[in-house]
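Note sheet for the following structure.
The values are calculated or read from the model by the stated rules, or taken from the named source; none is laboratory data. Everything numeric in this text was worked out from a predicted model, so none of it was measured. Reconstructed Cβ throughout: ideal geometry from the backbone, glycine too, with neighbour counts over all protein chains shown.
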Amino acid sequence: MNKIKHYVQENYSEDIKLKDIAKKYYINTAYLGQLFKKETGVNFSQYLNMVRIENAKKMLKRTDLHIYQIAEKVGYKNPDYFIIRFKESEKCTPYEYKNRP
């Protein structure tokens, strides 16, 4: 499981799918999903979103990139979807987060 979590940490900006990781590590997709949830307490897509949002938060504070650029860099093809996910996680928009003291 550590290898899989590390893989996500290193490749979160790519289009990662559980079935592709399962194939890479020669594990049944359904079994991997169950194992992942048991180990981490969240399902794979939730974990991937958490990793992406955490990296986006760092970029928002450390760079002058536009929101849509950050969304793309952390793996969201649609900036509006990124904003929705960010707001669900952080209870504010990326713009509000960026402008906090």
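The single residue among K24, K61, K19 that is in the same structural domain as A71 (by TED's automatic domain parsing) and either touching a helix residue (DSSP H, G or I) at 6+ places or on another chain (Cβ under 9 Å) or among the small types (G, A, S) (or both) turns out to be K61.
Within the stretch 57-71, none of the residues are more than 20 Å from R100 (Cα to Cα) and either surrounded by 13 or more Cβ atoms within 10 Å (Cβ to Cβ) or not small (G, A, S) (or both). As a summary of the residue check, L48 satisfies the conditions (1) under 15 Å from I4 (Cα atoms); (2) in contact (Cβ under 8 Å) with a residue 12 or more places away in the chain; (3) more than 15 Å from the chain's Cα centre (by Cα) except for the one numbered (3).
With the requirement that a residue be surrounded by 14 or more Cβ atoms within 10 Å (Cβ to Cβ) and within 14 Å of V8 (Cβ to Cβ), what does the stretch 22-34 give you? Before the answer, list the steps.
Here is the first cut: in the stretch 22-34, the residues surrounded by 14 or more Cβ atoms within 10 Å (Cβ to Cβ) are 22, 27, 29, 32-33.
Of everything in the stretch 22-34, those that are surrounded by 14 or more Cβ atoms within 10 Å (Cβ to Cβ) and within 14 Å of V8 (Cβ to Cβ) turn out to be A22, L32, G33.
Taking the listed residues E39, E54, the one that is assigned by TED's automatic domain parsing to the domain that holds Y76, of a type outside the set (K, R) and surrounded by fewer than 17 Cβ atoms within 10 Å (Cβ to Cβ) is E54, with no other qualifying.
Within the stretch 86-101, the set of residues being of a type in the set (K, R) and within 12 Å of K57 (Cβ to Cβ) comprises K98, R100.
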